[in-house]
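The structure under discussion appears below in the form of structure tokens.
The values are calculated or read from the model by the stated rules, or taken from the named source; none is laboratory data. Computed from a predicted model, the values in this text were never measured in an experiment. Here the Cβ is made from the backbone with ideal geometry for all residues, glycine too, and neighbour counts use every protein chain on show. Ligands, DNA and RNA are stripped out before the accessible areas are found, and what is left, the full protein with its side chains, is counted by its heavy atoms. Shrake-Rupley method; radii C 1.70, N 1.55, O 1.52, S 1.80 Å.
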Amino acid sequence: SDGSIRLHQMTSEYPLMQWNDSTNGQPIIALQWALTRPAVFFVLDASSNIYIWDLLENDLLPVAKQTIPSENVVTMALLGEPEKTNGLLGIALAKESGQIDIQYVKKKWAVP
């Protein structure tokens, strides 16, 4: 609820890493690991901002932030086929109105 993200390992109750206030205090609505690239995850906050984290590139801050204008995004889901190496990764965004947008992610964050 405060924008903090914690990375846990299944064998420990303590986080391996923790990022406080990662969304400038906005609650996190959804967080998902990339299906096609390890160490990359996506975060959606309550202000319809999507943050892309690539832990191999920068483990302190997101590598990109994209604001979805015009309407609140209520959830997201990632689309991709982990067994394929074509680097195709999409994000399905569900908006308050019921509309669904699908956006594709740049290959540098999608290719294994």
Quiz item: Can you spot a residue in segment 100-110 that is at pLDDT below 90, hydrophobic (A, V, I, L, M, F, W, C) and either open to solvent by 70 Å² or more (accessible area, probe 1.4 Å) or not in a loop (DSSP other than H, G, I, E, B) (or both)?
Solution: yes
Practice problem: Search segment 17-30 for residues that are more than 18 Å from ASP54 (Cα to Cα) and pair each with any residue that is assigned to a loop (DSSP other than H, G, I, E, B) and of a type in the set (A, V, I, L, M, F, W, C) when their beta-carbon atoms are under 9 Å apart and the residues are at least 6 apart or on different chains. | Solution: GLN26/ALA46; PRO27/ALA46; ILE29/ALA46
Quiz item: Which of the residues spanning segment 3-41 are modelled with pLDDT of 90 or more and among the acidic types (Asp, Glu)?
Solution: GLU13
Quiz item: Does segment 49-69 contain any residue that is more than 26 Å from GLY25 (Cα to Cα) and either modelled with pLDDT under 95 or not hydrophobic (A, V, I, L, M, F, W, C) (or both)?
Solution: no
Quiz item: Mind checking which pairs have a first residue in segment 32-54 that is at positive phi and a second that is in a strand (DSSP E or B), Cβ under 7 Å, 6 or more apart or different chains?
Solution: ALA39/ASP54; SER48/THR67; SER48/VAL73
Quiz item: Which residue pairs have Cβ atoms under 8 Å apart, sit 6 or more places apart or on different chains, and have a first residue in segment 57-74 that is under 19 Å from MET17 (Cα atoms) and a second that is assigned to a loop (DSSP other than H, G, I, E, B) and open to solvent by 60 Å² or more (accessible area, probe 1.4 Å)?
Solution: VAL63/GLU57
Practice problem: Please enumerate the residues belonging to segment 1-16 that are under 15 Å from LEU55 (Cα atoms), open to solvent by 30 Å² or more (accessible area, probe 1.4 Å) and touching a residue at least 12 places away in the same chain (Cβ under 8 Å). | Solution: ARG6
Quiz item: Could you say whether any residue in segment 64-80 is open to solvent by 80 Å² or more (accessible area, probe 1.4 Å) and β-branched (Val, Ile, Thr)?
Solution: no
Quiz item: If you check ALA92 against the conditions, is it free of Cβ contacts under 8 Å to residues at least 24 places away in the same chain and either assigned to a strand (DSSP E or B) or touching a helix residue (DSSP H, G or I) at 6+ places or on another chain (Cβ under 7 Å) (or both)?
Solution: yes
Quiz item: Within segment 67-96, which residues are among the small types (Gly, Ala, Ser), under 16 Å from the mean Cα position of the chain (by Cα) and over 21 Å from ALA46 (Cα atoms)?
Solution: GLY80
